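A.B. asks: Sharing a structure below in structure tokens format, with a few things to ask.
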Amino acid sequence: MPDELATILVVDDTLPNVKLLRLILNDAGYRVLEATNGPDALMTLRQEKPDAMVLDVRMPGMTGYEVCSEIRRDPEFAALPVIMVTALSLPEERIKGIEAGATDFISKPFNKKELLARIEASLALAKNARSGIVPQLPGAVVITDATWKTLGMSPLATILLGIPAPGVLEFDFSQLFGPDERILDAGVGAPVDFVLHAPATHATLDARHIGVTNPTGKLVMRLIVLSEAR
């Protein structure tokens, strides 16, 4: 169950959308604030200091991208969860949102359960951030366990690989390079560089593997940094 004291700021210039989001979030136990444009959203944000924001991308005057960029210029709101709502699912649009500072995305028409799950996850990550755990991985980064099972990805990594967010934790990263023993057996030591081919996006990616060990020296985690091949 969500924290009943959590406050969500809904920003959308279409009143029926605002009403629908308010009903869903109220029913889930959240306190809801509303704004119908960018300047009002920023004013409400600074006055009320909500716990998260659900932000429409396409608004007249000041777009959601511009609102998010403005938010990230203020250190007080550097870790505020901002979930962008968009009718667009093009990778370049989501990359633009990531560059503006969005923490997550949901597409219209959105699924109620998915919306609530993303808000709950964003609030939990923000709470962890306050205790010293950084929720947002910069760049295109994938974290797996020692067997290549995915533990987490940055938003940009999911876009480059073409993996939908709900499937991230079910993804076996070794599917991308097959039976290449040099990569499969990569462990501790010097980073290993290799090339990946992402079937979903038809992209060729440069990858660098770094092994992470526990205090006894056992490999427990893999960090893979991705970039578009030159």
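The values are calculated or read from the model by the stated rules, or taken from the named source; none is laboratory data. Here the structure is a predicted model, which is why all the values come from computation and not from measurement. As a convention, Cβ positions derive from the backbone with ideal geometry for all residues, glycine included, and neighbour counts pool all protein chains shown.
A.B. asks: Looking for something more than 19 Å from LEU33 (Cβ to Cβ), of a type outside the set (A, V, I, L, M, F, W, C) and modelled with pLDDT under 85 - is there at least one such residue anywhere in the stretch 57-72?
C.D. replies: Within the stretch 57-72, one or more residues are more than 19 Å from LEU33 (Cβ to Cβ), of a type outside the set (A, V, I, L, M, F, W, C) and modelled with pLDDT under 85.
A.B. asks: Scanning for something modelled with pLDDT under 75 and farther than 23 Å from GLY162 by Cβ, does the stretch 189-205 turn up at least one residue? Break it down stepwise before answering.
C.D. replies: Within the stretch 189-205, the first condition is being modelled with pLDDT under 75, and the residues that meet it are 189-190.
After this cut, where a residue has to be farther than 23 Å from GLY162 by Cβ as well, the list is 189-190.
Among the residues of the stretch 189-205, at least one is modelled with pLDDT under 75 and farther than 23 Å from GLY162 by Cβ, which makes the answer yes.
A.B. asks: Being at pLDDT below 70 and either in contact with a helix residue (DSSP H, G or I) (Cβ under 7 Å, 6 or more places away or on another chain) or more than 16 Å from GLY152 (Cβ to Cβ) (or both) is the filter here; which residues of the stretch 109-136 pass it?
C.D. replies: LYS127, ARG130, SER131, GLY132, PRO135, listed by residue number.
A.B. asks: Here's another thing I want to ask about it. Return yes or no: is THR44 crowded, with 17+ Cβ neighbours inside 10 Å, touching a residue at least 24 places away in the same chain (Cβ under 8 Å), polar (S, T, N, Q) and out of contact with any helix residue (DSSP H, G or I) (no Cβ under 7 Å at 6 or more places or on another chain)?
C.D. replies: yes
A.B. asks: Name the residues in the stretch 86-99 that are among the small types (Gly, Ala, Ser) and either surrounded by fewer than 17 Cβ atoms within 10 Å (Cβ to Cβ) or farther than 22 Å from ALA198 by Cβ (or both), would you?
C.D. replies: ALA87, SER89
A.B. asks: Oh, and also: Answer yes or no: is there a residue in the stretch 71-85 that is surrounded by 12 or more Cβ atoms within 10 Å (Cβ to Cβ), within 25 Å of PRO164 (Cα to Cα) and touching a residue at least 60 places away in the same chain (Cβ under 8 Å).
C.D. replies: Going residue by residue through the stretch 71-85, those that are surrounded by 12 or more Cβ atoms within 10 Å (Cβ to Cβ) are 71-72, 74, 77-85.
Keeping just the survivors that are within 25 Å of PRO164 (Cα to Cα) gives 79-85.
If we keep only those that are touching a residue at least 60 places away in the same chain (Cβ under 8 Å) as well, we get 85.
Checking the stretch 71-85: at least one residue is surrounded by 12 or more Cβ atoms within 10 Å (Cβ to Cβ), within 25 Å of PRO164 (Cα to Cα) and touching a residue at least 60 places away in the same chain (Cβ under 8 Å).
A.B. asks: Next question, about the same structure. (1) within 30 Å of GLU228 (Cα to Cα); (2) out of contact with any strand residue (DSSP E or B) (no Cβ under 6 Å at 6 or more places or on another chain): which one isn't true of ASP74, the others all being true?
C.D. replies: It fails just one condition, (1).
A.B. asks: Do you know which residues across the stretch 100-119 are of a type outside the set (Val, Ile, Thr), touching a residue at least 12 places away in the same chain (Cβ under 8 Å) and assigned to a loop (DSSP other than H, G, I, E, B)?
C.D. replies: GLY101, ALA102, LYS108, PHE110
Results for (1) modelled with pLDDT under 80; (2) out of contact with any strand residue (DSSP E or B) (no Cβ under 6 Å at 6 or more places or on another chain), shown as yes or no for each residue.
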| site | (1), (2) |
| --- | --- |
| LEU160 | no, no |
| ALA165 | yes, yes |
| VAL168 | yes, no |
| PHE173 | no, no |
| LEU176 | no, no |
| GLY187 | yes, no |
| ILE210 | no, no |
| PRO215 | yes, yes |
| ARG222 | no, no |
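A.B. asks: Something else now. Just need a number here: residues in the stretch 25-53 that are out of contact with any Phe, Trp or Tyr (no Cβ under 9 Å at 6 or more places or on another chain) and over 21 Å from ALA121 (Cβ atoms).
C.D. replies: 13
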